[in-house]
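Data block below; observations after.
Read the figures in this text as sums done on the coordinates, not as results from a lab. All figures in this text were calculated on a predicted structure; none of them were measured in a lab. Every residue, glycine among them, receives a Cβ derived from its backbone with ideal geometry; neighbour counts consider all protein chains shown.
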Amino acid sequence: MESLENIIQAIDFVLKYVHEGIVIADRTGSVVYVNEANERITGLDNKKVLGKKVIDVVPNSSLIDVIKSGKEKLGVNTKVGDKYVYSNIVPIRKNSEIIGSISIFLDMTEVENLTRELKEAKQKINFLSKQLSGFIGDKDFIVGKSPKMQKVLQISQKAAGVISNVLITGESGTGKEVVARYIHKNSPRKNKPFIAVNCGAIPETLLESELFGYEPGAFTGANPKGKKGLFEKADGGTIFLDEIGDMPLPLQVKLLRVLQDNEIRRLGGEHKIKLDVRVISATNKPLEIMVEQGTFREDLFYRLNVIHIKLPPLRERKEDIPIYVEFLIEKIKQRLDKEIHNITSTALRRLINYRFPGNIREMENILEKSIVMDDDGIIDLDDLPEFLSLETKQNGFYIDFEADWPALKDMEKIIIEKTLVAFPNRTKAAKVLGISRATLYRKMKELGLN
């Protein structure tokens, strides 16, 4: 008995600060130690527990069983009053002799609450991560902060959770395949194949055999072993049909049948092959107009266009340009192994003023040229392609910010000058500017424009 008390005294300073509840019983089954956590977890008064027989306090406790058997009991669920505790109970030995047992336990309610809180925290982190991905991206899918692209993100996240077909439309270079890959990577099919097909890049005579495969001897020059088509290779995953508007009408009929029946038949084959493939298609062509003109099947259009994602051109979301510039500079400098520290505000404003007819693909091309031309690790106006300056001057107001940000008076002077050139009639110019004729004359005098 004295040995057990000595052991307890030696480690008491540790036991009383342990978060878990601790109860120690001697070889007779009497409670000789309880820590403060015991009272918090079980609701039992420690003063009334000490010295009592374990079976009188908790009749179904395993402390006595461990003393008798000398074998530990792990993961024991025990009811203590109106609570349940999860315990690990081990014997205490002195020179191979069992002198007691110790139970270390957690409140099951507390564990369940922590588990629930952890689950909620994970859900919140996942939600915030998805929100954050709108600004810092999912590797390649940089969304930005414009309302139009935030809507694209929301629809893409919803699309990732279902198996419905998706049609992505938008100008060339807006990132249609990037969005398709984002949907796939965030879907239950993420560990299955993602097969991208450019329907406009494959000759019409080969497109059917590429998509659906062929049997041995199907045509002259065919592989004698036959060949799996891209739909078969995408089984269980996603097939991305880019430039779907370029698909020939005869093949549109066969694609429609595949979407309806979820099965394909290889070229030259007799047997149907059942498949589980999610279809995401994309185009920069106006399919609705093509349907009216009879160059794209209406029934296929409706099959493909279950979820529609429209990617806006870069010129309609200029607030996103700085985000894309930062991301692309980081991406390109790593690929080229070149040190780039920054881009000047004047160079950035020049990019913001540009219309980017080729969208993000063109921006990446411009930035790569600029990084190649740079000598000091800072992209400035001199590093940008010359056509940017000419294009900016030709499209709307052009202000040279090289020296410094202009004062309000400077801006006012430029705007009035441009207006007077466009509208020589002073009355018309004043109306366009939204000021009275008298105010216009006064400002012209103040700015030296008489």
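Tabulated results
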read-out	value
Listed peptides 255-263, 45-53 by packing density, highest first (mean Cβ within 10 Å)	255-263, 45-53
Long-range amide H partners of GLU263 with built H, under 5 Å	LEU275
Total formal charge among the other residues, if their Cβ is under 11 angstrom from that of ILE98, Lys/Arg +1 and Asp/Glu -1	+3
Segment ASP276-LYS148, extension gain: residue separation times 0.36 nm, minus the distance between their alpha carbons	42.9 nm
Highest-first arrangement of 410-417, 435-442, 242-249, where packing means the average Cβ count within 10 Å	242-249, 410-417, 435-442
Formal net charge of residues neighbouring LEU311 (Cβ-Cβ distance under 9 Å; K, R +1; D, E -1)	+2
Flagged links, alpha-carbon separation over 21 Å, of LYS227/LYS272; LYS119/LYS148; LYS158/LYS272	LYS119/LYS148; LYS158/LYS272
Spin-label pair VAL90/LEU408, simplified geometry with 7 Å Cα→Cβ offset, distance in nm	7.6 nm
Extension gain (nm, one decimal) between LEU259 and SER436, 0.36 nm per residue minus Cα-Cα	57.3 nm
Inter-centroid distance (Cα atoms) of the range 307-342 relative to the range 408-450, Å	38 Å
Share antiparallel - DSSP beta bridges, the chain, percent rounded to 5	60 percent
Residue of VAL197, VAL18, VAL372 that the Gaussian network model of the chain assigns the largest fluctuation, springs spanning Cα pairs under 10 Å	VAL18
Helix-derived mean residue ellipticity, 222 nm - over the chain, DSSP H n ≥ 4, -39500 (n - 2.57), to 500	-14000 deg cm²/dmol
P(r) tail fraction, the chain - alpha-carbon pairs more than 30 Å apart, %	67 percent
Nearby aspartates and glutamates by direct alpha-carbon distance to LYS228 (threshold 16 angstrom, same-chain neighbours under 8 apart not counted)	GLU208, GLU210, GLU215, GLU263, GLU270, ASP276
Cut-off 9 Å between beta-carbons: net charge of the residues surrounding ASN46, Lys and Arg +1, Asp and Glu -1	-1
Backbone HN-Hα couplings from phi across the range 365-379 [Karplus 6.51/-1.76/1.60, Hz, Gly and Pro as x]	5, 5, 5, 5, 4, 5, 5, 4, 6, 5, 10, 10, x, 10, 6
Between the range 350-365 and the range 269-304, the Cα center-to-center distance that results, in Å	31 Å
Euclidean distance of C-alpha centroids, the range 16-71 and the range 91-113, integer Å	9 Å
Extension gain (nm, one decimal) between ALA222 and GLU36, 0.36 nm per residue minus Cα-Cα	58.9 nm
Spacing of the two label points (7 Å from each Cα toward its C-beta) at ASP337 and LYS53, in nm	8.0 nm
